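A short reminder: the numbers here are calculations on the coordinates, not readings from a lab. Every value quoted in this text rests on a predicted model; they were computed, and no experiment measured them. We place every Cβ from the backbone using ideal geometry, glycine too, and count neighbours over all the protein chains shown.
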Ligand SMILES: [Zn+2]
């Protein structure tokens, strides 16, 4: 089992996707509730995995760890703890079989989903620190959302954990607020705040 390492943008994206499966982001509904959902999560991101029964709890722990790192992005701690996520894994090598040479890690025999995801999250976090900086670890800008993300965009102005979802929610809320604030035809809006 091999994991390609030279795309920290992809890896940071997997880390972001993983933290945003957490129940607190979905009003209590875990988006990785069982092994089948974990397998789907990995397959959708082309992560080659063996999934074992204990992996689900381990991935939930990993998810909490990564979330904590995004929420408290002190550089020294990010480097130490993201490095630790990659420690149990295997041998780094250069894969030259597919045209452009790529850094890869051959996962040790018996490695499972949590090993692969730990490695990917660790590499994503370290890559962002190397190529960008710690201001890229952020909470979602939507007022009602508990999500978080790692911003790997070039300008670094990403605001939402799930732009298609949270960004749209904010747009809809702003639109409603503007409509509500506009004076109704033929009537006045009573002032609600009496001081
Ligand atoms: Zn969000």
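Helix 113-131 and the long axis of the chain differ in direction by around 70°, with both axes built from C-alpha atoms.
The residues 112, 80, when put in order of fewest to most other Cβ atoms within 10 Å, stand as 80, 112. The alpha carbons of region 41-89 occupy a box of 32, 21, 20 Å along the principal axes, longest dimension given first.
Which number do you get for Rg(Cα) / (2.2 N^0.38 Å) in the chain?
Details: Rg = 20.5 Å, N = 195, 2.2 N^0.38 = 16.3 Å.
Ratio of Cα Rg to 2.2 N^0.38 Å: 1.26.
For the chain, what does -39500 (n - 2.57) per DSSP helix run (n ≥ 4), summed and divided by total residues, give at 222 nm, in deg cm²/dmol to the nearest 500? Display every interim value, and only then the final one.
On the way: 6 runs with 83 residues, N = 195.
Mean residue ellipticity at 222 nm (helix-derived): -13500 deg cm²/dmol.
Given a 10 angstrom Cα cut-off, can you work out which residue in 64, 177, 36 is the most mobile in a GNM of the chain? Checking each option, the largest mean-square fluctuation is seen for 177.
Can you give me the angle between helix 75-85 and the longest principal axis of the chain, using Cα atoms only, in degrees from 0 to 90, rounded to the nearest 10? The answer is roughly 50 degrees. Need the C-alpha centroid separation for region 17-55 versus region 115-179, integer Å. About 19 Å separates the Cα centre of region 17-55 from the one of region 115-179. Rounding to the nearest 10 and keeping the result within 0 to 90°, find how far the Cα-based axis of helix 35-44 lies from the longest principal axis of the chain. The two axes meet at around 90 degrees. Contact order for the chain, expressed relative to its length and based on alpha carbon pairs under 8 Å spaced 6+ residues apart, stands at 28 percent.
Sorting 16-25, 118-127 by their mean Cβ neighbour count within 10 Å, with the most densely packed peptide first, gives 118-127, 16-25. Taken over region 133-178, the percentage of Cα pairs per 5 Å bin, counting from 0 up to the bin with the maximum distance, is 5, 24, 28, 21, 13, 6, 2, 0. Using a Gaussian network model on the chain with a 10 Å cutoff between Cα atoms, which of 106, 98, 131 fluctuates the most? Comparing 106, 98, 131 in the GNM, the peak value goes to 98. Per residue, the convex hull spanned by the Cα atoms of region 77-164 amounts to 147 cubic angstrom.
Shape of region 1-79 from its Cα gyration tensor (a ≥ b ≥ c, root eigenvalues): rounded if a/c is under 1.5, otherwise prolate when a/b > b/c, or oblate? Mind dumping the intermediate values first?
Numbers: a/c = 1.77, a/b = 1.11, b/c = 1.60.
Cα axes put region 1-79 in the oblate bin.
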